[in-house]
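Read the structure below first, then the notes.
The values are calculated or read from the model by the stated rules, or taken from the named source; none is laboratory data. Here the structure is a predicted model, which means the values were calculated and not measured. Glycine gets a Cβ as well: all are built from the backbone with ideal geometry, and neighbour counts include every protein chain shown. Side chains are part of the model used for accessible areas, which takes the heavy atoms of the whole protein and leaves out ligands, DNA and RNA. Shrake-Rupley method; radii C 1.70, N 1.55, O 1.52, S 1.80 Å.
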Amino acid sequence: MHDDDEPVGRVLGRRQALILLGAAGATLTVAGSPVAGATQTAGGAEVCGPALNCVVKPEQMEGPYFVDRMLNRSDIRTDPATGQPSPGTALTLNFTVQSVRPGQCSPLPNAVVDIWQCDAFGLYSDIPSQGSSGRRFLRGYQNTNSDGKAQFITILPGWYTGRTLHIHIKIRTTGTNGLPYEFTSQLYFTPAFGAAYLRTQPYARKGPADTTNNRDSIYLRGGAQMVLNPTSTGAGYSADFAIGLDLSNTQVGRPD
């Protein structure tokens, strides 16, 4: 078991999200799914209608492998020192970050979105205990644009003992109180999708994961709201994911 076990923030449940958005009786959309029923205000903010166009996602553990190297890049597959890409199936992640206020959501520009993950064989870069000091593969950040969007090109992650397949994400911006705000969580895959790609190379060299979603203690604390739904692009996969942030929540926003 690895020590991805440092609690951070709190999980905002379905009822709390609905109360915040002033949309009692509405239903939350599945993470990454198309959304219907959103309307635009004069200022461009999207009002959350019967099918919410944004959902406050649960914050989860940062874990021990975040390294703040501030690598500003969209394609995180390579090690900058060598230019060598990490082997694995390409995955394009399209994030939309929104600010959630009572009754509406609006794009959040200039937020710093970091992602980091292990390679196809379960190794993180720049971790002395893993013998990867000085390496920088599968790490990077992007600033959201005026529409709250940020894109990364990475690979489907491998696995390591005690954890299901996952990718880490951290979003840094400014809270409504003017102080720095951090949201940290993890992204997951359906068991069927994960099992299928782990049978392909180079992942098959390590075999099937020893821990699936329903046996991962971190996933069981809100991970179902953080599941990616990748679609095939021919050369790999692509997944869209929207995250709504309550920037007035100082408990979640405090540094992790």
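Treating only the Cβ atoms of Lys and Arg (+1) and Asp and Glu (-1) as charged, compute the dipole magnitude of the stretch 55-118 about its Cα centre; round to the nearest 20 debye.
For the stretch 55-118, the charge dipole is close to 180 debye.
Only bridges whose two residues both fall in the stretch 78-244 count here: according to DSSP, what percent of them are antiparallel, nearest 5?
75
Quote the FRET efficiency, to the nearest 0.05, computed for S232 versus R254 with a Förster distance R0 of 25 Å and r equal to the Cβ-Cβ distance.
In this case the efficiency is close to 0.05.
According to a simple spin-label model (label point 7 Å from Cα along Cα-to-Cβ), what is the distance in nm between N72 and D210?
4.1
Compute the FRET efficiency between S132 and A90 as 1/(1 + (r/R0)^6), taking r as their Cβ-Cβ distance and R0 = 22 Å, and round to the nearest 0.05.
In this case the efficiency is close to 0.55.
With every protein chain kept in place and ligands, DNA and RNA left out, what is the accessible area per residue of the stretch 78-244? Probe 1.4 Å, answer in Å².
Heavy-atom SASA per residue in the stretch 78-244 reads 39 Å².
Show me 160-170, 58-68, 81-91 ranked by packing, highest mean number of other Cβ atoms within 10 Å first.
160-170, 58-68, 81-91
Taking only Cα atoms of the stretch 78-244, what ratio of Rg to Rh do you get with Rh as the Kirkwood inverse-distance radius?
On the Cα set of the stretch 78-244, Rg over Rh gives 0.97.
Could you give the radius of gyration (one decimal) and Dmax (whole number) of the Cα atoms in the stretch 173-256, in Å?
16.7, 49
Any idea how far the Cα center of the stretch 129-194 sits from the one of the stretch 48-124, in Å?
4
Say R0 is 25 Å: what FRET efficiency, to the nearest 0.05, do A224 and A195 get from their beta-carbon distance?
0.90
When the dipole is taken about the Cα centre of the stretch 78-244, and only Lys, Arg (+1) and Asp, Glu (-1) are charged at their Cβ, what size is it in debye, to the nearest 20?
180
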